[in-house]
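Novice: This is the structure, below, for whatever I ask next.
The values are calculated or read from the model by the stated rules, or taken from the named source; none is laboratory data. All figures in this text were calculated on a predicted structure; none of them were measured in a lab. Here Cβ is always computed from backbone atoms with ideal geometry, including for glycine, and neighbour counts include all displayed protein chains.
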Amino acid sequence: MEMRINIYLSFLFLLLLSACNNSDPASAENEEAPPPPYSSETVVVKGAFSFEGRVYGTITVNGVTWLGQNLDLEVEDSWCFSDEKAYCVSEGRLYRWPAAEKACEALGDGWRLPTDEEWVKLTKAFGGYHDWLTDIPTGDAYKANASLIEGGDTGFEAPLGGWRGSAGGFEAHGKGGFFWTGTPVDGLSAWYFQFAPTGGRVVRRQADQRMGMSCRCVKGD
């Protein structure tokens, strides 16, 4: 009896061993790759742009070319965070709204500050955004935030470079990235887009034009 049990157990062990050895080695290779961090309708082309010795990555999304990094071009009414040059190198300058317009135009070749509509289209291409004024989300603002602050496959890196207050003083470094649009709300304020740390969302808001915020420039459609 004991011998039969041992034979039976040995037979089961051989069956299990055979099943493990015969598993399809290509199954892992045939697994679908994760989808890109943008919709299937979005066409993304990466490139580069050089100005005054500095090379910026670019990302062209559906015909509009964006700087892939924050602008670091010194003009009047622009600052490095905490007046530390190292922050300009890593995260670009903080500009008052009129200064951001002038800085983008200084790049020549049709470069300009992106409109509110262009920021809306960009964030929607990578997920969506949340409108602070209406408290209404469009698409997935959390997905867009993750895709755009981390760069990677998107080619767009939105560092959390903080802001400068309208009367001076620097705040929110590492807690938020604040980016001007080229669209004024009125003579005193303008629309901007705010990025958050990992796990947060992209929010569309408005602020005093005298505040210092990060700047991206675009050209194209």
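Novice: Among the candidates Asp131, Asp140, Asp153, single out the residue that is acidic (Asp, Glu) and under 17 Å from Ala207 (Cβ atoms). Give the steps one after another, and end with the answer.
Specialist: Numbers: Asp140 fails: under 17 Å from Ala207 (Cβ atoms); Asp153 fails: under 17 Å from Ala207 (Cβ atoms).
Among Asp131, Asp140, Asp153, only Asp131 is acidic (Asp, Glu) and under 17 Å from Ala207 (Cβ atoms).
Novice: Something else now. Checking the conditions here, which among Thr60, Thr65 is of a type outside the set (D, E, K, R), touching a residue at least 60 places away in the same chain (Cβ under 8 Å), farther than 20 Å from Trp180 by Cβ and touching a Gly at 6+ places or on another chain (Cβ under 8 Å)? Before you say what the answer is, go through the steps one by one.
Specialist: On the way: Thr65 fails: farther than 20 Å from Trp180 by Cβ.
Exactly one of Thr60, Thr65 is of a type outside the set (D, E, K, R), touching a residue at least 60 places away in the same chain (Cβ under 8 Å), farther than 20 Å from Trp180 by Cβ and touching a Gly at 6+ places or on another chain (Cβ under 8 Å), namely Thr60.
Novice: I've got another one for you. Between a residue in the range 202-221 that is on the phi > 0 side of the Ramachandran plot and any residue that is surrounded by fewer than 18 Cβ atoms within 10 Å (Cβ to Cβ), which pairs come within a Cβ distance under 7 Å, given they are 6 or more apart or on different chains?
Specialist: Gly220/Gly63; Gly220/Val64
Novice: Here's a follow-up. Six or more apart or on different chains, Cβ under 9 Å: which pairs go from a residue in the range 123-139 that's more than 19 Å from Trp180 (Cα to Cα) to one that's in a helix (DSSP H, G or I) and of a type outside the set (A, V, I, L, M)? Could you list them?
Specialist: So the pair list comes out as Gly127/Tyr142; Gly127/Lys143; Gly127/Asn145; Gly127/Ser147; Thr138/Thr123; Thr138/Lys124; Gly139/Thr123; Gly139/Lys124.
Novice: For residues that are at pLDDT 95 or above, β-branched (Val, Ile, Thr) and part of a loop (DSSP other than H, G, I, E, B), tally how many sit in the range 183-209.
Specialist: 2
Novice: Say we look at the range 126-153 and pick out the residues that are in contact with a Pro (Cβ under 7 Å, 6 or more places away or on another chain) and of a type outside the set (D, E, K, R); which of these is surrounded by the most Cβ atoms within 10 Å (Cβ to Cβ)?
Specialist: Ranking the candidates gives Phe126 first.
Novice: A follow-up question, please. Looking at Phe193, Phe156, Phe179, Phe170 in this structure, which one is of a type in the set (Phe, Trp, Tyr), farther than 25 Å from Thr58 by Cα and buried (at least 19 other Cβ atoms within 10 Å of the Cβ)? Steps first, please.
Specialist: Values: Phe193 fails: farther than 25 Å from Thr58 by Cα; Phe156 fails: farther than 25 Å from Thr58 by Cα; Phe179 fails: farther than 25 Å from Thr58 by Cα.
After applying the criteria, what remains is Phe170.
Novice: Before we move on, is Gly174 in a loop (DSSP other than H, G, I, E, B), out of contact with any Gly (no Cβ under 9 Å at 6 or more places or on another chain) and not polar (S, T, N, Q)? Before you say what the answer is, go through the steps one by one.
Specialist: Working: in a loop (DSSP other than H, G, I, E, B): yes; out of contact with any Gly (no Cβ under 9 Å at 6 or more places or on another chain): no; not polar (S, T, N, Q): yes.
Answer is no for this residue.
Novice: Could you check how many residues of the range 28-66 are loosely packed, with under 11 Cβ neighbours inside 10 Å, among the hydrophobic types (A, V, I, L, M, F, W, C) and either at pLDDT 95 or above or over 27 Å from Ala141 (Cα atoms) (or both)?
Specialist: 3
Novice: Mind checking which residues of the range 99-122 are buried (at least 19 other Cβ atoms within 10 Å of the Cβ) and farther than 17 Å from Phe178 by Cα?
Specialist: Trp111
Novice: Check whether at least one residue in the range 109-118 is in a helix (DSSP H, G or I), of a type in the set (S, T, N, Q) and under 19 Å from Asn70 (Cβ atoms), and report yes or no. Explain how you work it out, then say what you get.
Specialist: Taking the range 109-118 and keeping what is in a helix (DSSP H, G or I), we get 116-118.
Then keep just the ones that are of a type in the set (S, T, N, Q); that gives none.
No, the range 109-118 has no match at all.
Novice: Take Thr198 and decide whether it is surrounded by fewer than 19 Cβ atoms within 10 Å (Cβ to Cβ), over 19 Å from Tyr87 (Cβ atoms) and without any contact (Cβ under 8 Å) to a residue 60 or more places away in the chain. Please lay out each step first, then the result.
Specialist: On the way: surrounded by fewer than 19 Cβ atoms within 10 Å (Cβ to Cβ): yes; over 19 Å from Tyr87 (Cβ atoms): yes; without any contact (Cβ under 8 Å) to a residue 60 or more places away in the chain: yes.
Spelling it out, Thr198 is indeed surrounded by fewer than 19 Cβ atoms within 10 Å (Cβ to Cβ), over 19 Å from Tyr87 (Cβ atoms) and without any contact (Cβ under 8 Å) to a residue 60 or more places away in the chain.
Novice: Something else: From the list Glu76, Glu105, which one is part of a loop (DSSP other than H, G, I, E, B), at negative phi, without any contact (Cβ under 8 Å) to a residue 60 or more places away in the chain and not β-branched (Val, Ile, Thr)? So that I can check it myself, show each step before the final result.
Specialist: On the way: Glu105 fails: part of a loop (DSSP other than H, G, I, E, B).
Exactly one residue qualifies, and that residue is Glu76.
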